[in-house]
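Visitor: Dumping the structure here so I can ask a few things about it.
The values are calculated or read from the model by the stated rules, or taken from the named source; none is laboratory data. For clarity, every value in this text was computed on a predicted model and none was experimentally measured. Cβ placement follows ideal geometry from the backbone for every residue including glycine, while neighbour counts extend to all protein chains displayed. SASA here: full protein model, heavy atoms, side chains in, ligands and nucleic acids out. Shrake-Rupley method; radii C 1.70, N 1.55, O 1.52, S 1.80 Å.
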Amino acid sequence: MGPGAKPSGGPPSVPGPEIREREGEHVKVVLHNEQAEPHTIHFHGVDNSFAGDGTPDVSQKTVEQGETFTYEFDAPPGTYFYHCHVEPDRHPQMGLYGAFIVEPREATARYDGEFVLMLSERDPRLSVAEAREAGQYPGTMAEGVQVNGEYDTLERYPASFTINGKIDSAISPLRVKKAAGTSFG
């Protein structure tokens, strides 16, 4: 990752780390898969090489446990997102996604602050199915949820919708100032 990106090796987060670059920077993202399941990264809206597009078994092979894959491209200005493209019906819901923001070379607008909001959903039955498969406790959100057999993504029923991985009162309010001469209502 380039100079604006968060360093790797931090604690896990949902969504994944925000990647921030400047227009024209050469971006290099190294995926080192330490999980038992295969993964790739797909950067939406970014024209990188076909071999680094992140579409498993079409444009690249999956990155297996212990393997590494490097994604490289020049950053186009805009707001994008990335996600794991292996099992895209499960992995993003498990938090394998994040914001990818490329700031223009020269500022085109003035503003006092910026908010990055990543919207997602969560079906606690997926937590139960994944926890059983991993032999781990699924957490309080999934207590009392029954799953018979494998999790069927065609039977997805989200119990909560998230903003930056949080629900309800855990979501921090956005504090903004009213601009002079602006009326609401």
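Visitor: Can you say whether F50 is aromatic (F, W, Y) and at pLDDT below 85, as far as the supplied structure shows?
Guide: Taking the combined requirement at face value, the residue satisfies it.
Visitor: If you go through segment 169-183 one residue at a time, how many are surrounded by 10 or more Cβ atoms within 10 Å (Cβ to Cβ) and in a loop (DSSP other than H, G, I, E, B)?
Guide: Going through segment 169-183 one residue at a time, the tally reaches 2.
Visitor: Let me ask something else about it. Can you tell me which condition D123 does not meet? The list is (1) touching a residue at least 60 places away in the same chain (Cβ under 8 Å); (2) open to solvent by less than 20 Å² (accessible area, probe 1.4 Å); (3) acidic (D, E), and all the others hold.
Guide: Status for D123: all satisfied but (1).
Visitor: Within segment 60-72, count every residue that is modelled with pLDDT of 90 or more, on the phi < 0 side of the Ramachandran plot and surrounded by fewer than 21 Cβ atoms within 10 Å (Cβ to Cβ). Before you say what the answer is, go through the steps one by one.
Guide: Keep residues of segment 60-72 that are modelled with pLDDT of 90 or more, which gives 61-72.
Now restrict to residues that are on the phi < 0 side of the Ramachandran plot: 61-65, 67-72.
Adding the requirement that they be surrounded by fewer than 21 Cβ atoms within 10 Å (Cβ to Cβ) leaves 61-62, 64-65, 67-70, 72.
So the count comes out to 9.
Visitor: Still on this model: Taking only segment 55-114 into account, find how many residues are over 11 Å from I41 (Cα atoms) and either in a strand (DSSP E or B) or of a type in the set (A, V, I, L, M, F, W, C) (or both).
Guide: 17
Visitor: Separate question: Hey, among V116, V147, V128, which residue is surrounded by 10 or more Cβ atoms within 10 Å (Cβ to Cβ) and at pLDDT 75 or above?
Guide: V116
Visitor: Condition first: over 19 Å from E21 (Cβ atoms) and either of a type in the set (F, W, Y) or in a loop (DSSP other than H, G, I, E, B) (or both). Now tell me which residues in segment 115-125 satisfy that. Reasoning before the result, please.
Guide: First, the residues of segment 115-125 that are over 19 Å from E21 (Cβ atoms): 117, 119-125.
Passing the criteria: L117, D123.
Visitor: From the set of residues in segment 28-59 that are in contact (Cβ under 8 Å) with a residue 12 or more places away in the chain and touching a Gly at 6+ places or on another chain (Cβ under 8 Å), which is most open to solvent (accessible area, probe 1.4 Å)?
Guide: E34
Visitor: What number of residues in segment 94-113 are within 20 Å of E37 (Cα to Cα) and open to solvent by less than 20 Å² (accessible area, probe 1.4 Å)?
Guide: 3
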